[in-house]
Amino acid sequence: QVQLVESGGGLTHSGGSLRLSCATSGFIFALSTMGWYRQGPGKERELVAQITMNDDTYYTAAVRGRFTISRDNAKNLVYLQMNNLKIEDTAVYYCKRESYDNWGQGTQVTVSS
């Protein structure tokens, strides 16, 4: 079955960096558009970044220039490099196989001042 497992979350200070990973299985990863979403405290889940099978990328305005999404088709992994983190980036981050209701369990990112 389809599985997505996020890792790499944690606690960091404002201005710090974290790299999230999402390990996938059960589908043809190389042909899939993948997305990273987040849900902050008291907020709705929102799209953060996407990467297509052709490596085209999209970023929400709030993270553009600070976050980078990438993929490794040989390892069925998708990454989210997060630099210059801000307190408002605090959220649970989820990996998603786009166009399908396939989500990971989420990984907590907490940014303190």
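The values are calculated or read from the model by the stated rules, or taken from the named source; none is laboratory data. Please read these numbers as outputs of a predicted model, since none were measured by experiment. Using ideal geometry, Cβ is built from the backbone for each residue, glycine included, and neighbour counts are taken over all protein chains shown. Surface accessibility is based on the protein's heavy atoms, side chains included, excluding ligands, DNA and RNA. Shrake-Rupley method; radii C 1.70, N 1.55, O 1.52, S 1.80 Å.
Quick one: what are the phi-derived ³J(HN,Hα) couplings along region 90-100, Karplus 6.51/-1.76/1.60 with θ = phi - 60°, whole Hz, x for glycine and proline?
4, 5, 8, 9, 10, 9, 9, 7, 5, 6, 9
Could you provide, to the nearest whole Å², the per residue accessible area of the chain with probe 1.4 Å?
Values: 5820 Å² over 113 residues.
Per residue, the chain has 51 Å² of solvent-accessible surface.
Between the DSSP loop rule and a limit of at most 11 other Cβ atoms within 10 Å, which trypsin sites (Lys or Arg not before Pro) in region 17-47 are left?
Numbers: sites: ARG19, ARG38, LYS43, ARG45; in loops: LYS43, ARG45.
Taking region 17-47 and a limit of 11 other Cβ atoms within 10 Å, the loop trypsin sites (Lys or Arg not before Pro) found are LYS43.
Where in region 34-78 does the amide nitrogen come within less than 17 Å of the point 7 Å from the Cα of GLU88, taken along Cα to Cβ?
Those under the cut-off are 38-49, 59-67.
Can you bin region 11-75 into rounded, prolate or oblate? Criterion: square roots of the alpha carbon gyration tensor eigenvalues sorted a ≥ b ≥ c, rounded for a/c under 1.5, prolate for a/b above b/c, oblate for the rest.
It is prolate, given that a/c is not under 1.5 and a/b is the larger ratio.
Using square roots of five times the C-alpha gyration tensor eigenvalues, list the equivalent-ellipsoid semi-axes of the chain in whole Å, biggest first. Don't jump to the answer; show the numbers that get you there.
Numbers: eigenvalues 103, 39, 31 Å².
Value: 23, 14, 12 Å, ordered largest first.
Could you tell me which of ALA74, CYS22, LEU85 has its Cα farthest along the dipole of the chain towards the positive end, charges placed at Cβ (Lys, Arg +1; Asp, Glu -1), taken about the Cα centre?
Result: LEU85, furthest along the dipole toward the positive end.
Given a 1.4 Å probe and every protein chain left where it sits, what share in percent of the accessible area of the chain is carbon and sulfur?
Working: 2760 of 5820 Å².
Solvent-exposed carbon and sulfur of the chain make up 47 percent of the total.
Search the structure for amide H atoms under 5 Å from the amide H of LEU77, placed 1.01 Å from N in the peptide plane, and list their residues when 5 or more places away or on another chain.
Answer set, sorted by chain and number: ASP72.
Any lysines with Cα under 22 Å of the LYS96 Cα? List them, leaving off those in the same chain fewer than 8 positions away.
LYS43, LYS75
Report ³J(HN,Hα) in whole Hz for each residue of region 61-73, in order, from the Karplus equation J = 6.51 cos²θ - 1.76 cosθ + 1.60 where θ = phi - 60°; Gly and Pro get x.
Coupling constants for region 61-73: 4, 5, 10, 4, x, 10, 10, 9, 9, 8, 9, 10, 5 Hz.
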